[in-house]
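Here the structure is laid out as structure tokens; the discussion comes afterwards.
The values are calculated or read from the model by the stated rules, or taken from the named source; none is laboratory data. Just so it is clear, the model here is predicted, and its values are computed rather than measured. Cβ placement follows ideal geometry from the backbone for every residue including glycine, while neighbour counts extend to all protein chains displayed.
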Amino acid sequence: MSYNYGAYASNDNDSTQTSDSSGSSGSSTPDKNLTMVPHAAIEGDLVKVFGNENQFGQSLGLSWENVELVDGCLYYDPEKDKHKVFPWKDVVGIAPGEADGLSADDANQYLVKNYGTTEKRYELVEAVVPEQDEPVEIGNAIMWYSGSDEYGPKSASRTLAKILTRQGRDMVIDEEDSTAERYIKGWLRDTSASNVLRDDLEDRRFAFFEVKKQSNQSDRQYHHPIVVDTQTGAQVTVQNSTEETTGTLGGDENDESGDEGGEKEVAVPEPIADFISTCDSLGFNDRDRAATLLGDLIADEGNDLTADMVSDFGGEDAVLDEVAE
């Protein structure tokens, strides 16, 4: 099954995609720690949603069973023992709808990604071309959505907490009701690890993917999660009220995103701001020269600019977008 990712990227979309995916049997393999890259999709049974807290902060866990890859390439990071689903365009430079004859055999056995001067090597596990290949079972999986220990939860984390839990909007503590330091470390209202999946979402199969949305408050894009019922094609959104138990898959028509107003404007961390200023003063207004400098700064252990900070800001492309207009 293929999904029109662009249709879900609009802030005023009312997409009702449908799907004809087959079910899958349970898997005895250990749960995969899974991360999604925008414009790739899985389908699975969402069995548990829970808040968690440890020494690293708070995070929202999504536990899936009978997961199938329906669009994209699943790669394994042996260094961190994690799996990541990349879209075809990230793997071979072209999307399935843009080329004839693309097949699963075209996926690179090894995928190398450079984050500054850091090289990350991934190993291919499975690849699926939508509308051409059958979905491939990849077992059970766990997804973690958190944020930055300096700037708080990401938009995707807040959105999923609001649309998937029984508490709805109340699952996320209002930033205005807390100090900045307290909000960053404690943005979830329930971190008991109890299952808080909405009652009306139980025993259903969903498609899950992320799209890139345009921020309402800046020129930057942000990653936005989409959850779609595979049987009805209805997109899961925020319940109109936490008391509702039926008819909520369509959610609140006035709040498709789950995070009012879309992505909030995020303050630029001082080290990134210093990098942008340095590029400006040196005349580095093209991406290649700026990317080289960014990589050098990240590799310098004595520098305040770190790979994690760049990732929390939205990735290397987001930082470079601030330099090369």
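Observations
- Selection status of D77, surrounded by fewer than 19 Cβ atoms within 10 Å (Cβ to Cβ) and under 28 Å from E119 (Cα atoms): yes
- The condition of being surrounded by 15 or more Cβ atoms within 10 Å (Cβ to Cβ), at pLDDT below 95 and among the charged types (D, E, K, R) holds for K89.
One line per residue, one yes/no per condition, for (1) among the charged types (D, E, K, R); (2) closer than 30 Å to A107 by Cα; (3) part of a loop (DSSP other than H, G, I, E, B):
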| position | (1), (2), (3) |
| --- | --- |
| E126 | yes, yes, no |
| P130 | no, yes, yes |
| D133 | yes, yes, yes |
| A141 | no, yes, no |
| A156 | no, yes, no |
| T159 | no, no, no |
| K162 | yes, no, no |
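- Residues that are under 26 Å from N4 (Cβ atoms) and surrounded by fewer than 16 Cβ atoms within 10 Å (Cβ to Cβ) within segment 114-135 comprise E131, Q132, E134, listed in sequence order.
- Residue match in segment 102-117 (condition: assigned by TED's automatic domain parsing to the domain that holds R198, in contact (Cβ under 8 Å) with a residue 40 or more places away in the chain, in a strand (DSSP E or B) and not aliphatic (A, V, I, L, M)): yes
- Inter-residue pairs, beta-carbon under 8 Å, first in the same structural domain as I276 (by TED's automatic domain parsing) and within 26 Å of A156 (Cβ to Cβ) and in segment 294-313, second modelled with pLDDT of 75 or more and part of a loop (DSSP other than H, G, I, E, B), 6+ apart: L294/L305; I298/L305; I298/T306; D312/K154
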